[in-house]
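Undergrad: This is the structure, below, for whatever I ask next.
The values are calculated or read from the model by the stated rules, or taken from the named source; none is laboratory data. It should be emphasised that the depicted structure is a prediction, and the values quoted were computed from it without experimental measurement. Here the Cβ positions follow ideal geometry from the backbone for every residue, glycine too, while neighbour counts run over all protein chains shown.
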């Protein structure tokens with residue numbers, strides 16, 4: 001059985017074809033223009049960033065051999081042939097790692113507490129006054145945009161060397177980041193319970209406590225756990241500027257070319273980050289069911 | 001007027017015991033968790049040498065510093081700072097682009113619908129994970145050993161650490177792509193490469209473009225800090241001015257960073273809107 005496919009008359013077809021080709025050509029031209037602009041920007045950036053491919057290729061062997069060197073012990077053998085020698089400082093490192101975890105935990109929790117206190121003022125639907133919304137939002141934006149290590153640099157001068165500066169830097173950055181995320185959850189909350197509570201003559205505070213908080217608390221905890229994961233990574237480099245944790249030991253090892261120490265410390269950090277990722281993922285799925293894991 | 005029937009609570013209690021008295025374990029779970037969280041917090045505060053006197057002294061010190069920061073003033077080094085800012089933006093742009101270029105082929109290997117065999121996919125994923133587990137600053141330190149101090153080390157550091165992030169994000173984007181289009185290509189006799197080029201890429205590229213733009217934005221922030229370890233950009237100036245306590249210059253530099261980040265935010269928001277439409281901007 002054959003089916004006849006109706007074909008438009010030649011003239012009509014030609015006009016449609018021409019229109020199609022024109023549309024495609026226009027799209028291609030736009031893409032080409034975008035690509036040219038992008039490549040031009042890249043070239044300018046390459047000059048600005050002093051990219052020198054010759055040094056790159058001349059020294060690239062260094063990069064590969066660096067990994068060779070960090071996996072070699074002082075006596076010239078591979079690190080895994082003598083685990084005891086490789087992880088000779090495990091006692092000290094584990095202690096510092098514990099400090100790193102504590103820094104991120106305390107920083108995240110303080111940040112979360114401040115974020116909970118501020119986020120209702122930063123949400124469109126619950127802010128009691130426009131000017132307050134504006135001020136709190138700018139404040140959170142500031143806390144979020146300035147990198148935490150810059151805060152740490154300043155706090156090290158104000159509060160002295162040590163983990164306290166790191167905790168406060170992480171707390172401020174977390175306040176900014178969590179405050180924004182929390183306020184976005186609040187903006188998505190159902191406002192009908194709020195009306196219900198307000199109709200009983202409740203104050204603003206009771207409205208937030210009894211109508212909004214029960215809807216959003218699960219989201220808060222989920223975001224705070226995610227932030228804890230991120231902060232563990234951040235805290236691992238806080239020591240670079242003297243703000244406590246394992247970073248201090250790492251930067252000393254890298255700068256002084258204690259090669260096998262570098263690999264040992266890096267490995268402990270990576271394994272810890274893995275474990276924390278898995279642990280918080282498990283906790284999230286335990287608390288909020290499977291779908292909250294992503 | 002009709003009256004509600006009298007509610008017999010004792011009967012209700014007997015019928016729905018779970019509603020009226022939750023088991024002790026369920027009632028105690030939340031307070032116990034909060035108590036545990038607070039206990040760790042207190043332990044942490046003690047272990048990390050927090051004390052009220054230090055906190056107060058630090059805050060008053062911080063107040064002084066803030067006073068000294070006003071008004072922001074670059075002194076005579078404005079051209080130097082502008083050049084450093086340009087360097088930072090260059091580092092972010094180049095690093096992100098390099099990372100995206102290298103991550104795209106690798107992300108195909110990590111996607112379930114391209115490489116069904118878990119045996120092969122698993123090592124690729126773990127490899128990407130371990131790259132992501134190492135902070136950008138650490139990569140910067142490693143690259144400084146290789147190509148020397150300067151912004152080029154920063155470009156490579158951002159490229160490597162984003163390579164890990166992009167590999168994961170891209171492979172997730174590929175996994176969520178619609179398989180019907182791929183099947184269509186296969187049905188019309190296309191090879192595996194055709195399937196990827198004409199079935200997957202048109203779906204995935206806009207998503208990827210959005211992610212890359214977002215990362216350029218967030219890398220502007222990362223690029224400001226890798227200067228602290230000597231990998232070029234405005235962070236180098238910032239760290240130096242903080243160390244010599246030139247607070248007016250510090251506040252000027254922070255202001256410059258804030259403005260630059262806001263500008264990049266704005267531009268990339270517009271571009272993302274142009275590429276993928278309203279939905280993905282939020």
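Undergrad: For the range A:148-168, indicate whether the set of residues that are within 22 Å of residue A:284 (Cα to Cα) and either in contact with a helix residue (DSSP H, G or I) (Cβ under 7 Å, 6 or more places away or on another chain) or free of Cβ contacts under 8 Å to residues at least 40 places away in the same chain (or both) is non-empty.
TA: Filtering the range A:148-168 for residues within 22 Å of residue A:284 (Cα to Cα) gives none.
Looking through the range A:148-168, none of the residues is within 22 Å of residue A:284 (Cα to Cα) and either in contact with a helix residue (DSSP H, G or I) (Cβ under 7 Å, 6 or more places away or on another chain) or free of Cβ contacts under 8 Å to residues at least 40 places away in the same chain (or both).
Undergrad: Continuing with this model, one more query. Run residue A:62 past the list (1) closer than 21 Å to residue A:250 by Cβ; (2) modelled with pLDDT of 80 or more; (3) within 11 Å of chain B (Cβ to nearest Cβ) and report the number of the one that doesn't hold.
TA: Failing condition for residue A:62: (2).
Undergrad: For residue B:241, are the conditions met, namely being free of Cβ contacts under 8 Å to residues at least 40 places away in the same chain and farther than 23 Å from residue A:177 by Cβ? Talk me through it step by step, then tell me what you get.
TA: Numbers: free of Cβ contacts under 8 Å to residues at least 40 places away in the same chain: yes; farther than 23 Å from residue A:177 by Cβ: yes.
For residue B:241, the condition - free of Cβ contacts under 8 Å to residues at least 40 places away in the same chain and farther than 23 Å from residue A:177 by Cβ - is met.
Every residue, every condition in (1) more than 30 Å from residue A:257 (Cα to Cα); (2) in the same structural domain as residue A:266 (by TED's automatic domain parsing); (3) at pLDDT below 85, yes or no:
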| residue | (1), (2), (3) |
| --- | --- |
| A:5 | yes, no, yes |
| A:18 | yes, no, no |
| A:22 | yes, no, no |
| A:45 | yes, no, yes |
| A:67 | no, no, yes |
| A:72 | no, no, yes |
| A:75 | no, no, yes |
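Undergrad: Residue B:214 fails exactly one of the following numbered conditions: (1) in contact (Cβ under 8 Å) with a residue 12 or more places away in the chain; (2) surrounded by 15 or more Cβ atoms within 10 Å (Cβ to Cβ); (3) within 13 Å of chain A (Cβ to nearest Cβ). What is the number of that condition?
TA: The one condition residue B:214 does not meet is (3).
Undergrad: Check off (1) under 17 Å from the mean Cα position of the chain (by Cα); (2) surrounded by fewer than 19 Cβ atoms within 10 Å (Cβ to Cβ) for residue B:203 and give me the number that stays unchecked.
TA: So the condition that residue B:203 fails would be (1).
Undergrad: Filter the range B:133-153 for residues that are more than 7 Å from chain A (Cβ to nearest Cβ) and touching a residue at least 40 places away in the same chain (Cβ under 8 Å); which is surrounded by the most Cβ atoms within 10 Å (Cβ to Cβ)?
TA: Top of the filtered list is B:140.
Undergrad: Since residue B:206 meets every condition but one in (1) within 26 Å of residue B:135 (Cα to Cα); (2) within 13 Å of chain A (Cβ to nearest Cβ); (3) at pLDDT below 85; (4) in a helix (DSSP H, G or I), which condition does it not meet?
TA: It is condition (1) that residue B:206 fails.
Per-residue answers, yes or no, for (1) closer than 23 Å to residue B:257 by Cβ; (2) modelled with pLDDT of 85 or more:
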| residue | (1), (2) |
| --- | --- |
| B:42 | no, yes |
| B:51 | no, no |
| B:64 | yes, yes |
| B:81 | yes, yes |
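Undergrad: Still on this model: Can you tell me which of (1) within 30 Å of residue B:146 (Cα to Cα); (2) surrounded by 17 or more Cβ atoms within 10 Å (Cβ to Cβ) is the one residue B:240 doesn't meet?
TA: Result: residue B:240 fails condition (2) only.
Undergrad: Looking only at the range B:34-50, how many residues end up being closer than 13 Å to residue A:168 by Cβ and more than 7 Å from chain A (Cβ to nearest Cβ)?
TA: 0
Undergrad: Within the range A:241-289, which residues are over 18 Å from residue A:72 (Cα atoms) and in a loop (DSSP other than H, G, I, E, B)?
TA: Matches in the range A:241-289: A:242, A:243, A:244, A:245, A:246, A:289.
Undergrad: Could you check the range A:195-223 and list, in sequence order, the residues that are at pLDDT 90 or above and within 30 Å of residue A:250 (Cβ to Cβ)?
TA: none
Undergrad: Another one. Go through (1) within 12 Å of chain A (Cβ to nearest Cβ); (2) assigned to a helix (DSSP H, G or I); (3) surrounded by fewer than 22 Cβ atoms within 10 Å (Cβ to Cβ) for residue B:225 and report which single condition fails.
TA: Residue B:225 satisfies every listed condition except (3).
Undergrad: Could you list, in sequence order, the residues of the range A:140-162 that are in a helix (DSSP H, G or I) and either more than 11 Å from every other protein chain (Cβ to nearest Cβ) or more than 21 Å from the chain's Cα centre (by Cα) (or both)? Break it down into steps so the answer makes sense when it comes.
TA: As a first pass, look at the range A:140-162 and keep what is in a helix (DSSP H, G or I): A:140-145, A:148-159.
Within the range A:140-162, A:140, A:143, A:154, A:155, A:156, A:157, A:158, A:159 qualify.
Undergrad: Answer yes or no: is there a residue in the range B:55-65 that is within 9 Å of chain A (Cβ to nearest Cβ), touching a residue at least 60 places away in the same chain (Cβ under 8 Å) and within 28 Å of residue B:246 (Cα to Cα).
TA: Yes.
Undergrad: Among residues belonging to the range B:102-132 that are exposed (fewer than 13 other Cβ atoms within 10 Å of the Cβ) and either part of a helix (DSSP H, G or I) or in contact (Cβ under 8 Å) with a residue 24 or more places away in the chain (or both), point out the one that is nearest to the other protein chains (Cβ to nearest Cβ).
TA: Taking the range B:102-132 and keeping what is exposed (fewer than 13 other Cβ atoms within 10 Å of the Cβ), we get B:105, B:116-120, B:122-123, B:126.
From what is left, the residues that are either part of a helix (DSSP H, G or I) or in contact (Cβ under 8 Å) with a residue 24 or more places away in the chain (or both) are B:105, B:118-120, B:122-123, B:126.
Working: B:105: 19, B:118: 18, B:119: 20, B:120: 21, B:122: 14, B:123: 15, B:126: 9 Å.
Selected residue: B:126.
Undergrad: Scan the range A:110-139 residue by residue and report those that are surrounded by fewer than 22 Cβ atoms within 10 Å (Cβ to Cβ) and within 14 Å of another protein chain (Cβ to nearest Cβ).
TA: Within the range A:110-139, A:110, A:113, A:114, A:116, A:124, A:137, A:138, A:139 meet the criteria.
Undergrad: Assess whether residue B:182 counts as being surrounded by 13 or more Cβ atoms within 10 Å (Cβ to Cβ), in contact with a helix residue (DSSP H, G or I) (Cβ under 6 Å, 6 or more places away or on another chain), within 14 Å of chain A (Cβ to nearest Cβ) and assigned to a helix (DSSP H, G or I).
TA: Details: surrounded by 13 or more Cβ atoms within 10 Å (Cβ to Cβ): yes; in contact with a helix residue (DSSP H, G or I) (Cβ under 6 Å, 6 or more places away or on another chain): yes; within 14 Å of chain A (Cβ to nearest Cβ): no; assigned to a helix (DSSP H, G or I): yes.
Judged against the criteria, residue B:182 is not a match.
Undergrad: Where in the range A:1-91 are the helices (runs of 4 or more DSSP H), entirely inside, with at least 3 residues that are surrounded by 14 or more Cβ atoms within 10 Å (Cβ to Cβ)? Steps first, please.
TA: Working: elements: A:10-48, A:53-70, A:83-86.
The qualifying helices (runs of 4 or more DSSP H) are A:10-48, A:53-70.
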